[in-house]
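Worksheet: one structure, shown below.
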Amino acid sequence: MRPNGTGLTRLTTTSRVDEFDPRYFAGGIVFSRGNQSEGAAGYADIYTMKANGAKVKPLVQGVGSAYVEDVSPQGHTLIFRRDRGLWVKKIGPGKAKKVVELADGSQTNSVFSSDGTSVATLIETRGVDQLMAINLANGRKTEVADSFQEEGTFGSVIDWQPVR
């Protein structure tokens, strides 16, 4: 796409579902596809495709909606929200691993550290935010901040780096 908005290329041709939360990874693009409606009508699965839109394939499907959160800087690992939890999965064949249990109705916003070994997650539950760091190698969770409230929109965790 050019700065003036021209030159945009459509990569998918679905019409009855939404496609959202795209992220580049080492082999192309990972994204959520489903219905973003509130309540029981909402659902989503996670798909991958080549950067040119070819070879759309399911990555995470089944019971419980799955929403892309972030892709590791190396482009091989995905963190996603599903079924009251945060999960990590290598992009490609294999199983996902649940790293955090979430309260019902929680909203999350997660980002990998620059080395891809940890994740910072902002969890909002019933109007209260909690910032947590998760070591993916050992599963250790460190609460960085909690019980803070801010006016405005639930936002990104930006420029987070693990403290050594």
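Values quoted throughout were computed directly from the atomic coordinates according to the rules given, and no laboratory measurement underlies them. A quick note: this is a predicted structure, and the numbers were derived from the prediction, not measured. Quick reminder, even Gly has a Cβ in these numbers, built from the backbone with ideal geometry, and neighbours come from all protein chains shown.
Some notes on this structure:
- The loop-placed GluC sites (Glu not before Pro) in the range 58-150, going by DSSP, that have at most 16 neighbouring Cβ atoms within 10 Å of their Cβ come out as 150.
- 3J(HN,Hα) along the range 6-23, derived from phi through the Karplus expression 6.51 cos²θ - 1.76 cosθ + 1.60 where θ = phi - 60°, amounts to 8, x, 6, 10, 6, 9, 10, 10, 6, 10, 9, 10, 8, 10, 8, 6, x, 9 Hz, with x in place of Gly and Pro.
- Straight Cα distances below 22 angstrom link residue 141 to the lysines 89, 90, 95, 97, 98, with same-chain residues fewer than 8 positions distant left out.
- In order along the range 49-59, the Karplus-derived 3J(HN,Hα) couplings, from 6.51 cos²θ - 1.76 cosθ + 1.60 at θ = phi - 60°, round to 7, 5, 4, 8, x, 7, 6, 5, 9, x, 10 Hz, and Gly and Pro are given as x.
- Of the residues 102, 85, 64, the one whose Cα sits farthest toward the positive end of the charge dipole of the range 55-116, with +1 on the Cβ of Lys and Arg and -1 on the Cβ of Asp and Glu, is 64.
- Computed over the range 18-148, relative contact order equals 14 percent, with contacts defined as Cα pairs under 8 Å that lie 6+ residues apart.
- In a DSSP loop and with at most 16 other Cβ atoms within 10 Å, the trypsin sites (Lys or Arg not before Pro) in the range 74-152 are 84, 95, 126, 140.
- Total charge dipole magnitude, the range 18-148, about the Cα centre, Cβ charges on Lys, Arg, Asp, Glu only, Debye to nearest 20: 700 debye
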